[in-house]
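What follows is a set of notes on a single structure, which appears directly below.
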Amino acid sequence: MSDIRPVIAVIGATGAQGGGVVRALVDGGAFRVRAITRTPDAYTGPADEVRGADTSDVDSLKAAFEGAHGVFAVSNFTDTGTDEVTQGRNAVEAAVSAGVSHFIWSTLPNVEELSAGKFDVPHFTNKAKVDELVRAAGFDAYTFVEAPFYFENFLTVLAPQPLQDGSTGWALPIPADARVIHAGSIADLGGVVAGAFDHPETVGSGEYLSSAAALVSFDDFAETLRGQGHSLATMQVPPEVYGGFYPGAGEIAQMMLFWTEHTYLGPEGEDAISAARAVATFAPTSFADWAAEHMPAVSS
């Protein structure tokens with residue numbers, strides 16, 4: 001028997017966002033899931049089918065989207081040679097050409113606009129600049145999703161580090177008690193995207209949805225981890241000092257400074273969280289539960 005379920009094409013199916021979207025859609029069962037990746041031969045995920053395409057190549061996207069009812073599109077600010085606005089434009093153009101009905105774009109607040117140019121955070125602003133292209137494209141339904149600050153950052157670029165006083169924790173360009181971070185596990189974004197595809201009548205008119213679990217501070221993170229057996233400290237350093245800690249730290253410092261004035265998601269953040277929870281296929285993971293699984297304390 002042929003599979004007549006509508007097809008959802010997921011860009012970045014091997015990445016943090018796209019991978020979670022694929023899993024949530026497969027678990028939901030309402031759609032046939034098409035993984036879009038630059039290396040289709042290496043794909044081993046649960047999608048029903050896989051196509052090769054690259055967001056820098058609009059023709060490859062057109063072929064990959066052929067026959068799809070919906071598209072989840074995410075850009076990659078670490079890619080060299082193609083900026084995020086171009087990646088987004090290519091995805092929109094390809095989806096229109098393929099006759100896609102529901103387009104979901106992974107975006108973030110426009111830092112340039114919200115801060116009147118005070119802060120420079122291209123990996124936020126460039127995603128936001130694609131929003132208007134999505135609005136103008138004429139899709140039957142379109143939705144914006146905003147990924148939160150990933151808990152998973154604590155396993156990579158923001159893993160606790162040795163501090164000058166001999167303790168371990170985070171040196172930060174902002175006060176550690178600033179409760180301005182809309183945070184969550186990136187795995188939870190998939191439930192929001194799946195819910196949006198399930199309910200275009202509710203969130204398919206340009207609504208913004210965020211999978212953030214809570215509004216927290218670095219002190220909140222540290223307190224939770226200390227309660228689970230970690231020894232962690234926080235300290236504040238000047239932004240220009242933080243900017244020299246690792247490649248790209250200057251932009252991260254600008255991002256955190258933006259948070260202190262506008263929060264991670266900006267002035268409409270709580271509305272985006274509420275809208276997401278109304279349709280998400282599962283509840284967001286708390287930091288305590290995530291940390292217990294992914295950052296267990298090592299017994300001495």
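Every read-out reported here was derived from the displayed coordinates using simple, explicitly stated rules and does not represent laboratory data. Because the structure is predicted, anything quoted here is derived from the model rather than measured. Neighbour counts are summed over all protein chains in view; Cβ atoms, including those assigned to glycine, are modelled from backbone coordinates with ideal geometry.
Here are the numbers:
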| read-out | value |
| --- | --- |
| Contact order relative to length of the chain, as percent, for alpha carbon pairs under 8 angstrom and 6 or more apart | 17 percent |
| Tensor-based shape of the stretch 1-142 (alpha-carbon gyration tensor, a/c under 1.5 rounded, otherwise prolate or oblate) | prolate |
| Whichever aspartates and glutamates have a C-alpha closer than 20 Å to that of LYS118, once near sequence neighbours (fewer than 8 apart) are set aside | GLU240, GLU251, GLU261, GLU268 |
| Ordering of 104-117, 17-30 by packing [mean C-beta count within 10 Å, highest first] | 17-30, 104-117 |
| Shape of the stretch 161-300, Cα gyration tensor, a/c cut at 1.5 | oblate |
| Local net charge near ALA275, Cβ-Cβ under 12 Å (Lys/Arg +1, Asp/Glu -1) | -4 |
| Cα gyration tensor, the stretch 75-220 - rounded (a/c under 1.5), prolate or oblate | prolate |
| Farthest positive-ward along the chain dipole, Cα basis, beta-carbon charges - from VAL50, ALA171, ALA278 | VAL50 |
| Lysines whose Cα lies under 29 Å from that of LYS62, excluding same-chain neighbours fewer than 8 positions away | LYS127, LYS129 |
| Separation between Cα centres of the stretch 8-77 and the stretch 106-157, rounded to whole Å | 20 Å |
| Charge sum, other residues only, whose C-beta stays under 11 Å from LEU257's C-beta, Lys/Arg counted +1 and Asp/Glu -1 | -2 |
| 222 nm mean residue ellipticity, helices alone, for the chain (DSSP H n ≥ 4; -39,500 (n - 2.57); rounded to 500) | -10500 deg cm²/dmol |
| Only Lys, Arg (+1) and Asp, Glu (-1) charged, at Cβ; the chain dipole about Cα centre in debye | 400 debye |
| Total charge dipole magnitude, the stretch 191-274, about the Cα centre, Cβ charges on Lys, Arg, Asp, Glu only, Debye to nearest 20 | 380 debye |
| Listed values [x] 34, 21, 18; [y] 48, 20, 15; [z] 26, 23, 20, entry calculated as semi-axes √(5λ) of the Cα gyration tensor in Å | [x] |
| Förster radius 41 Å - calculated FRET efficiency between PHE77 and ASP165, Cβ distance, rounded to 0.05 | 0.75 |
| Size of charge dipole - the stretch 146-300 - debye, nearest 20, with Cβ of Lys, Arg +1 and Asp, Glu -1, no other charges | 360 debye |
